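Here is the structure we will look at, set down as C-alpha cells.
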Amino acid sequence: MAGFAVPLRIAMKKTVLLFSSAACALALFSSPLLAQEARSGTFKTVQGGVSVGQGEARRPVQSGGAVAEADQVQTDATGSAVLLLRDGTTIAVGPNTKVDLTRFQFDSTTQQGNLAVRVLQGSIRMVTGLLGKTQPDNVKVTTPASTVSVRGTDFIVEVL
Amino acid sequence: MSMRLVALLALVALQACAPLSRVTLLPQEDGRATSVQVQTASGVVDVTQPYQTAALQRDGRLTAQQSSAEEVHAAYGPLLALPVPAAARFTLQFEPGSSVLTAESQSQLGGILAQARARAGGEMVVVGHTDRTGSPQANDTLSLQRAQAVRELLIKQGFAPELVEAVGRGEREPLVPTEANVSEPRNRRAEIIVR
C-alpha cells in the first residue's frame, strides 16, 4: 500500500498542475478569442439609413461595423446594406427591411455551426457560405409563416 | 363613386392579392444545380429551377410559379444591384518548422493589405495549415500559431485588429494529400482570404 501512495500522490500533483496550467492558458486565450467570436459578421456596402442592435439599443451602421448573434438589422426607405458573416455567407438587405440574425455559431477550425435568419419585413438576398456547404441542414431562413431550408446557394426571401 | 374611392379599393384589392411572403431561387454562379425548400403550415414546396418562386398566399396556400430573369430583376432591382464581392485568396509559405514567413511571402503582404483596404468594410481571414507530421491536435495548435503570427504582421502594418481573424485548420485541408506523418512543405502554409 505504502509503496503505491507516493507515486499516486505525485501523479495527482501532476494532474492538478496540468489542470491549473490548462486553466491559465484558457484564461489567457479566452478573452481575445471571445472578442473575435462576438463578431458574427461585418457590414460591407452600406447605403442610406441602416441601423443594427437589439431591442431599443440601436446604432447606425458603417462599412466595417460588426453584427453579432441576436442583432436586428433595419433599413429605411433609402437604406440598404451588405453583410458578410464569418463563414462567408453574404446577406444583402434591401430597403424597408427588418431582419434578425437569430442564431450564428461557427467554429472556423472545424467549419461546423448553425445559422438562422428571420425576415420580419422587406427583402433579403442570401448567398450561402461554408455552413451552407458543410452543414446545409443547419442553415435556415424563416419568415413569420414559413421556413426556408437551404440546398442551393443564392436566393431571395421577401415578406410583404 | 369618387375616383379616390376607386383608387383606394384598387389598392386594397391589390394588397389582398399580394402574397404574405415569396421566396425566389437565383441561378448559381457556376451553373450547378441549386434548390431551396419552403415549408409552411399548409405544405412544402421544393424550388429547384432558377427564377422559380414559392409564394405564401393570404388564404394560406403555398404556390410555386416559374418566373423569369426579367421579371425578377424588375421586382428586385435595388436588392440585386447590391454588390456581392468575391473573396480573393493568397497563399503564403513558412520557413521550415517555424511560424516565420519566407522572404518571398513576406514581400506579398503589402499588396494584399492594399487590396483589403480598397474594399468597403474589407477584412482578412488568415488560415493556417500544417502537413501531417505530428498529432492532429498539435497541428490545430501549430496552424493557429502560424495564422496568429501572420495576423500580428498585418496588424503591425496598421490594419484594424477586429477586421483580421486568425483561423487554424490543422491538417484538414492539405494542398497535396499525403499519408499520416509525411513531411510535405507545400502543406505548411497560410492562406489570406481578402473579402
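Going by the structure shown, is A:Thr89 buried (at least 24 other Cβ atoms within 10 Å of the Cβ) and over 17 Å from the mean Cα position of the chain (by Cα)? Give the derivation first.
Values: buried (at least 24 other Cβ atoms within 10 Å of the Cβ): yes; over 17 Å from the mean Cα position of the chain (by Cα): no.
For A:Thr89, the condition - buried (at least 24 other Cβ atoms within 10 Å of the Cβ) and over 17 Å from the mean Cα position of the chain (by Cα) - is not met.
Regarding the stretch A:43-65, can at least one residue be identified that is touching a helix residue (DSSP H, G or I) at 6+ places or on another chain (Cβ under 9 Å), within 19 Å of B:Thr40 (Cβ to Cβ) and without any contact (Cβ under 8 Å) to a residue 60 or more places away in the chain? Talk me through it step by step, then tell me what you get.
To start, the set of residues in the stretch A:43-65 that are touching a helix residue (DSSP H, G or I) at 6+ places or on another chain (Cβ under 9 Å) comprises A:64.
Filter once more, keeping what is within 19 Å of B:Thr40 (Cβ to Cβ): none.
Checked against the condition, which is being touching a helix residue (DSSP H, G or I) at 6+ places or on another chain (Cβ under 9 Å), within 19 Å of B:Thr40 (Cβ to Cβ) and without any contact (Cβ under 8 Å) to a residue 60 or more places away in the chain, the stretch A:43-65 yields no hits at all.
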If we take the stretch A:50-99, then strands (runs of 3 or more DSSP E) inside it with 2 or more residues that are facing another protein chain (nearest Cβ under 8 Å) are A:80-85, A:90-93
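Could we say that A:Ala27 is at pLDDT below 50 and open to solvent by 20 Å² or more (accessible area, probe 1.4 Å) here?
Working: at pLDDT below 50: yes; open to solvent by 20 Å² or more (accessible area, probe 1.4 Å): yes.
Yes, satisfied.
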Within the stretch A:138-149, is there a residue that is of a type outside the set (A, V, I, L, M, F, W, C), under 28 Å from B:Glu173 (Cα atoms) and facing another protein chain (nearest Cβ under 9 Å)? yes
Filtering the stretch B:40-79 down to residues that are free of Cβ contacts under 8 Å to residues at least 40 places away in the same chain, under 26 Å from B:Ala120 (Cβ atoms) and open to solvent by less than 40 Å² (accessible area, probe 1.4 Å), which residue is nearest to the other protein chains (Cβ to nearest Cβ)? B:Leu79
Please go through the stretch B:93-119 and give me each residue that is at pLDDT 95 or above and in contact with a Lys or Arg (Cβ under 8 Å, 6 or more places away or on another chain), ordered by number. B:Arg119
Matching residues in the stretch B:25-39 - criterion: being in contact (Cβ under 8 Å) with a residue 24 or more places away in the chain and either closer than 21 Å to B:Ala86 by Cβ or more than 8 Å from chain A (Cβ to nearest Cβ) (or both): B:Leu25, B:Leu26, B:Pro27
Are any of the residues in the stretch A:119-129 of a type in the set (S, T, N, Q), in contact (Cβ under 8 Å) with a residue 40 or more places away in the chain and within 20 Å of B:Thr63 (Cα to Cα)? no
Select from the stretch A:117-138 the residues that are more than 20 Å from B:Leu26 (Cβ to Cβ) and part of a helix (DSSP H, G or I) and write down the one among them that is most open to solvent (accessible area, probe 1.4 Å). A:Asp137
What number of residues in the stretch A:33-49 are among the small types (Gly, Ala, Ser) and either within 18 Å of A:Val117 (Cα to Cα) or more than 12 Å from chain B (Cβ to nearest Cβ) (or both)? 4
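The values are calculated or read from the model by the stated rules, or taken from the named source; none is laboratory data. Keep in mind that this is a model prediction, so the values were computed, not measured. Heads up, the Cβs are rebuilt from the backbone with ideal geometry, glycines too, and the neighbour counts pull from every protein chain shown. Side chains included, ligands, DNA and RNA excluded: accessible areas come from the protein's heavy atoms. Shrake-Rupley method; radii C 1.70, N 1.55, O 1.52, S 1.80 Å.
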